[in-house]
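A short write-up of the structure that comes next.
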Ligand code: HEC
C-alpha cells in the first residue's frame, strides 16, 4: 500500500501545517489588538502579501505545467491517429505522418515493435504530469486545507471539523485512484464501453457525495482533484512503469509483452478524454452559478458528457476520416441541460414586501460584507479586499448592486460560507432593494 502510506504522511503534514497556521493567526490577532497601527500591522500585511504571492506563484506554475501536459496529450493522441501505413516503410513501422511547423518538415514514424536502435537521449513525457499534480495539490493545501472554514466546510451541508474535512478530502482522492485502477484491471476493463459507463456512474456518485459533504466550491474542486489524480496516477503507476519495462526488454534484445503497451495506451486515452472536463471544473470555481446550485452534481454530469462528445469529435477528425459532425449538436444538448439546471437549481431568496431604505441596505452590507470587502478588511485572515471588491461606501454599494444581488441573493455564494451569518430576512431585503432599482441614499 505505497500510495495510501504516502497519502497518510502527506495528510499528517497538512494538518500540522494547518495547526501551525491557526496558532500563528491567533498570535497575529493578539499582536494586532495590542498595537493596531504600529509596525506589527505592517508585518501582518507583509505576511498576508507573502501568502498571496505564494498562492499566485503556485497557481501560475500549476497552470503552465497543465498546459504543457494537456498540450502533449493532445499532440500525441492526434499524431497517433494520423499515422498512416506505407509500403515503402520498414515492416516494423506501423506508419508515418508528415508535419510542418516553424519552418521545418517533420517525418514522424511509429514503431510498434522493437527498432534496431534506441538512442540514449530518448525523450520521456512525465514531468509535465507530475508537476501539474504537485503544484495542484500544493494549491489545494494553500486554498482549502490550510483554512478549511473558508472554502471547504459549509455548515449547512455538513458540520465538519477542519481536521475531518481535510481527512475526507485527502482520503477520497487516494480511494478514487484505487477504485479506478481496480476497475481498469477487472473484467469490465476489457470493454471500453462498459468501462466508460461504470466509470462515469462512479464519478457522478463521487460528485453527488462531495456536494453532500463539502461546500459547493469545495465539492467541485475535489472532483477536479480526483480526476486529476487519476490522470497523474495513470502516468506514474501504469504508463511510465510499463514503458520502462518495454525499453529494458528492447535493450536486452527481448520482444516486449504487447499487453504492456496496450495497457499504457488505454490509460493514455482515458487521460485524453478527461482533460476537457477537468479544465471546466477548475474554471467553474470562478462561476458561483455552477457550484452554488442545488443540482451542481447534475451540472457536472452534463458537462462531462458534453466534453466526451467534443473530445471524440477531435479524435475522429485527426484520423483523417470524415469527422462526425453530429457530435457537436449532441454535445449542445447536455450543455443546454446544464443551463436549465443552473436556473432551476438557484437557491435565490424571496424579495421582502414593501420598500427598503438605503440605510437598511448599507447596514446589512457593512456588517455582513464590508468586514472583508473594504480597503482595510477587519475579518481575520483577509488581508485585502477579495477580488478588489470594496463595499465600504454608499457609492460603491450602489455601483456594485448587480454583483451584490448576484452573489448574495441569486447564487448565495456570499458572504463566503456565510461566515458573517446573514439572515434570510436580510437577503430578502437586498433582493427587494435590487428589484426597486437599487436606489442610493
Ligand atoms: C469572510 C469574508 C467575506 C465576506 C464576509 C464576504 N465576502 Fe465576498 N468574497 C470573499 C472572497 C474571499 C472572495 C473571492 C472569491 C474567489 O476567489 O472566487 C469574494 C468575492 C466576492 C465578489 C466577487 C465575485 C467574483 O467572482 O467576481 C463579490 C461581488 C462579493 N464577494 C460580494 C460579497 C457580498 C455582497 C457580501 C455580503 C453579503 C460578501 N461578499 C461577503 C470574501 C468575503
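The values are calculated or read from the model by the stated rules, or taken from the named source; none is laboratory data. Computed from a predicted model, the values in this text were never measured in an experiment. Here the Cβ positions follow ideal geometry from the backbone for every residue, glycine too, while neighbour counts run over all protein chains shown.
Here are the numbers for the structure shown:
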{"read-out": "Selected residue (only one of 283, 274 is part of a helix (DSSP H, G or I), within 17 Å of residue 71 (Cα to Cα) and either in the same structural domain as residue 240 (by TED's automatic domain parsing) or within 16 Å of the ligand (Cβ to nearest atom) (or both))", "value": "274"}
{"read-out": "Residue check for residue 54: surrounded by 14 or more Cβ atoms within 10 Å (Cβ to Cβ) and modelled with pLDDT of 90 or more", "value": "no"}
{"read-out": "Residue identified as in contact with a helix residue (DSSP H, G or I) (Cβ under 6 Å, 6 or more places away or on another chain) and over 23 Å from residue 411 (Cα atoms) among 194, 178, 203, 183", "value": "194"}
{"read-out": "Helices (runs of 4 or more DSSP H) lying entirely in the range 333-441 (those with 2 or more residues that are more than 10 Å from the ligand (Cβ to nearest atom) and in contact with a helix residue (DSSP H, G or I) (Cβ under 9 Å, 6 or more places away or on another chain))", "value": "358-368, 394-399, 424-435"}
{"read-out": "Residue check, residue 424 outside the structural domain of residue 211 (by TED's automatic domain parsing), surrounded by fewer than 20 Cβ atoms within 10 Å (Cβ to Cβ) and more than 25 Å from residue 284 (Cβ to Cβ)", "value": "yes"}
{"read-out": "Residue 240 vs. criteria in contact (Cβ under 8 Å) with a residue 60 or more places away in the chain and under 19 Å from residue 334 (Cα atoms)", "value": "no"}
